[in-house]
Amino acid sequence: MPSGAVLNADDRTEAVLAALDLEITSGEAVTRFERAIARTMGTRNAVACNSGSSANLLAFSALCDPTLNGHITPGSEVITSAVGFPTTVAPIIQHGCIPVFVDIDPTTGNIDVDQLEKALSPRTRAIALAHTLGNPFRADLVREFADQHNLWLLEDNCDALGAKVGGRPTGSFGHVSTVSFYPAHHITCGEGGCVGTDSVQLAAILRSLRDWGRDCWCAPGEDNRCFNRFGKQSGCLPDGFDHKYVFSRAGYNLKMSDLQARIGLSQLTRLPEFGAARRRNWDTIHSHLSDCAAVSTFVAEDAVTPSWFGYAFTLDPNTALGRRELQIELERRGIGSRVVFAGSLVSQPMMQGRECRIVGDLPHAATVTAQSLWVGVYPGLTESDANYIGETIRELATLT
């Protein structure tokens, strides 16, 4: 398989202890995990939730909140990459906004930063981008562009926890940033996600949206932190209506449990080890393919330090085996592979009949959709596994 959780006895112990203590909802462990993730991503605040996709939903919802100065409104345009995972883009659509699709740089798999200016219009209010397969986009340049044009930046860090741009952690560049703890990702809680932000206001909005949209900021099981629980007037409710049951937003219940958080805290101690293993496996596979004319590989720019999620390559269209045939043969030989997520999102059924704007002809997105694959580099692979993967791809790609 191309990815999977790497769990050990410490993770099992934390899960068992949490279960024995009946820590089955959100509590003290989630708070500790939020603090640890905030330190890791270099943000002042982190709001844990139940998945990376939920994190993207919360992040974009917060940017649309009417209490936020300069909030995004329906009909606004949001610049994003034409190639990626759908839940980076889904919240844009769900909030009545218009995705603006920009082509990728074929050498990195990330958005072509030089096209941001072309994507800009008077309706542009935000940029929402993911780091592709653990290979960071130039988040420093994108944030600079966003600041120049008074745009929000949503940095989807779900596939790149532990990566850096200019020595600074990915996840620290966006006004909001997201991370996923699904088993395929860099660390896992089983399921889980998080939103990071430096803004106290955005953090408060995120927590409200995550916790049913409630106005009260007391933790579960806590009462009257404000010492005015029965002394407020809210909306058209009776004076003194219990503040714990005042809802100022149309929110969700997207909380993480303490059981998940305790596994995550255990996993987080091994993030540097996991990142090193991913880079080592990527390098081993690349040693077999870097001079192979039949494939071209997504590589990192000099200014970034990847935390690879996978080894992605594009097959030359003139090879004897096409992409589908190559993928089938890899599976037959025990090598799991995946296409580059949704390929061109413009071509996906989810976008048919929906309003969007496309910058140019998206030729590189089309190529990725037709010709690209990625294989695993996750820490569960041995050096022998990585060599076998690289050797096999080279053999199959060069068949005549």
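The values are calculated or read from the model by the stated rules, or taken from the named source; none is laboratory data. Keep in mind it's a predicted model, so treat the numbers as computed, not measured. For neighbour counting, all protein chains shown are included, and Cβ atoms are generated from backbone atoms with ideal geometry for every residue, glycine included. Accessible surface areas use protein heavy atoms only, side chains included; no ligands, DNA or RNA. Shrake-Rupley method; radii C 1.70, N 1.55, O 1.52, S 1.80 Å.
From the list Ser234, Ser208, which residue is open to solvent by less than 30 Å² (accessible area, probe 1.4 Å), without any contact (Cβ under 8 Å) to a residue 40 or more places away in the chain, of a type in the set (Ser, Thr, Tyr) and within 24 Å of Ala62 (Cβ to Cβ)? Break it down stepwise before answering.
On the way: Ser208 fails: without any contact (Cβ under 8 Å) to a residue 40 or more places away in the chain.
Step by step, each of Ser234, Ser208 is checked, and only Ser234 is open to solvent by less than 30 Å² (accessible area, probe 1.4 Å), without any contact (Cβ under 8 Å) to a residue 40 or more places away in the chain, of a type in the set (Ser, Thr, Tyr) and within 24 Å of Ala62 (Cβ to Cβ).
From the list Thr73, Thr87, pick out the single residue that is in contact with a Gly (Cβ under 8 Å, 6 or more places away or on another chain) and open to solvent by 30 Å² or more (accessible area, probe 1.4 Å).
From the options Thr73, Thr87, the qualifying one is Thr87.
Filter the range 367-384 down to residues that are surrounded by fewer than 18 Cβ atoms within 10 Å (Cβ to Cβ), more than 29 Å from Ser347 (Cα to Cα) and in contact (Cβ under 8 Å) with a residue 40 or more places away in the chain, then give me how many there are.
Here is the first cut: in the range 367-384, the ones surrounded by fewer than 18 Cβ atoms within 10 Å (Cβ to Cβ) are 370, 380, 382-384.
Retained after the next criterion (residues that are more than 29 Å from Ser347 (Cα to Cα)): 380, 382-384.
Filter once more, so that each one left must be in contact (Cβ under 8 Å) with a residue 40 or more places away in the chain: 380, 383.
Qualifying residue count for the region: 2.
When the range 211-231 is examined, which residues are found to be surrounded by 15 or more Cβ atoms within 10 Å (Cβ to Cβ) and either of a type in the set (Asp, Glu) or in a helix (DSSP H, G or I) (or both)?
Asp211, Asp215 - these are the residues of the range 211-231 that are surrounded by 15 or more Cβ atoms within 10 Å (Cβ to Cβ) and either of a type in the set (Asp, Glu) or in a helix (DSSP H, G or I) (or both).
Condition first: under 25 Å from Ile263 (Cβ atoms) and open to solvent by less than 10 Å² (accessible area, probe 1.4 Å). Now tell me which residues in the range 181-203 satisfy that. Even if it seems obvious, please write down each step before you answer.
Taking the range 181-203 first, the residues under 25 Å from Ile263 (Cβ atoms) are 181-197, 203.
Those that are under 25 Å from Ile263 (Cβ atoms) and open to solvent by less than 10 Å² (accessible area, probe 1.4 Å): Phe181, His186, Ile187, Thr188, Cys189, Gly192, Gly193, Cys194, Val195, Gly196, Thr197, Ala203.
This table checks each residue for (1) of a type in the set (S, T, N, Q); (2) out of contact with any helix residue (DSSP H, G or I) (no Cβ under 9 Å at 6 or more places or on another chain); (3) under 30 Å from Thr188 (Cβ atoms).
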site: Ile328; (1), (2), (3): no, yes, yes
site: Arg333; (1), (2), (3): no, no, yes
site: Phe341; (1), (2), (3): no, no, yes
site: Val346; (1), (2), (3): no, no, no
site: His364; (1), (2), (3): no, yes, no
site: Tyr378; (1), (2), (3): no, no, yes
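Which condition breaks for Glu301 when tested against (1) closer than 30 Å to Asp21 by Cα; (2) out of contact with any helix residue (DSSP H, G or I) (no Cβ under 9 Å at 6 or more places or on another chain)?
Just one mismatch for Glu301, condition (1).
What helices (runs of 4 or more DSSP H) lie completely within the range 257-366 and have 3 or more residues being closer than 30 Å to Pro220 by Cβ, of a type outside the set (A, V, I, L, M, F, W, C) and in contact with a Gly (Cβ under 8 Å, 6 or more places away or on another chain)? Quick ask: steps written out before the conclusion?
Values: elements: 258-268, 271-289, 323-332.
Where helices (runs of 4 or more DSSP H) fall fully within the range 257-366 and carry at least 3 residues being closer than 30 Å to Pro220 by Cβ, of a type outside the set (A, V, I, L, M, F, W, C) and in contact with a Gly (Cβ under 8 Å, 6 or more places away or on another chain), they are 258-268.
Of the residues that make up the range 282-293, is at least one under 30 Å from Thr31 (Cα atoms) and buried (at least 17 other Cβ atoms within 10 Å of the Cβ)?
no
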